[in-house]
Amino acid sequence: MLLHDHYGLFDQAHEELRSHLGHKLTLKSYGGDAAPDEIAVECENCQQLLIGFLSEGMADERKPDERWKDNAIQFPRLITEILATQNRLDMMAIAESMDLEISQINELFLRAQGIWDEIKQKTGS
């Protein structure tokens, strides 16, 4: 079983998948049975790809536009770049707005940096 606790991903999945509740979904593989290039969850009612898992080699071949539209890549990138380029962040205001402690805001920045570092390593960016 594949279970994720990435809340941003949950929100995105809920938004994009809720219209398919009650539809017939299928799991398909592409590129060869022994070593597929992609595994996909597709909606048969809508003839639409809902979720796609690309092999490492295929993921590297994604077009820049596809990476640009991928929030799981761009959000940690944005947070990391804000932290790297802004000399004065009002951490207290951010913490108050989010109802968090400053240490939790710092943890979010570190987590975003870790995710962005992993993405750069995988994509060679």
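The values are calculated or read from the model by the stated rules, or taken from the named source; none is laboratory data. For clarity, every value in this text was computed on a predicted model and none was experimentally measured. Note that each Cβ is placed from the backbone with ideal geometry, even for glycine, and that neighbours are counted across all protein chains shown.
Would you call Met58 over 14 Å from the mean Cα position of the chain (by Cα), among the aliphatic types (A, V, I, L, M) and either exposed (fewer than 11 other Cβ atoms within 10 Å of the Cβ) or modelled with pLDDT of 85 or more (or both)?
Working: over 14 Å from the mean Cα position of the chain (by Cα): yes; among the aliphatic types (A, V, I, L, M): yes; either exposed (fewer than 11 other Cβ atoms within 10 Å of the Cβ) or modelled with pLDDT of 85 or more (or both): no.
No: the conditions fail for Met58.
Since Asp99 meets every condition but one in (1) out of contact with any helix residue (DSSP H, G or I) (no Cβ under 9 Å at 6 or more places or on another chain); (2) at pLDDT below 85, which condition does it not meet?
Only one criterion in (1) out of contact with any helix residue (DSSP H, G or I) (no Cβ under 9 Å at 6 or more places or on another chain); (2) at pLDDT below 85 is unmet by Asp99, namely (2).
Gly8 versus (1) in contact (Cβ under 8 Å) with a residue 60 or more places away in the chain; (2) surrounded by 14 or more Cβ atoms within 10 Å (Cβ to Cβ); (3) of a type in the set (Gly, Ala, Ser): which is the lone unmet condition?
So the condition that Gly8 fails would be (2).
I need the full set of residues from the stretch 111-125 which are surrounded by fewer than 12 Cβ atoms within 10 Å (Cβ to Cβ) and without any contact (Cβ under 8 Å) to a residue 60 or more places away in the chain, in order please.
Result: Glu118, Gln121, Ser125.
Filter the stretch 84-125 for residues that are closer than 20 Å to His6 by Cα and outside any helix (DSSP H, G or I) and give the result.
Answer for the stretch 84-125, where residues must be closer than 20 Å to His6 by Cα and outside any helix (DSSP H, G or I): Asp99, Leu100.
Within the stretch 73-102, which residues are of a type in the set (S, T, N, Q) and surrounded by 10 or more Cβ atoms within 10 Å (Cβ to Cβ)?
In the first step, residues of the stretch 73-102 are kept if they are of a type in the set (S, T, N, Q); the result is 74, 80, 85-87, 97.
Within the stretch 73-102, Gln74, Thr80, Ser97 qualify.
So which of Leu49, Leu78 is at pLDDT 80 or above and touching an Asp or Glu at 6+ places or on another chain (Cβ under 6 Å)?
Numbers: Leu78 fails: touching an Asp or Glu at 6+ places or on another chain (Cβ under 6 Å).
After ruling out the rest, the residue left standing is Leu49.
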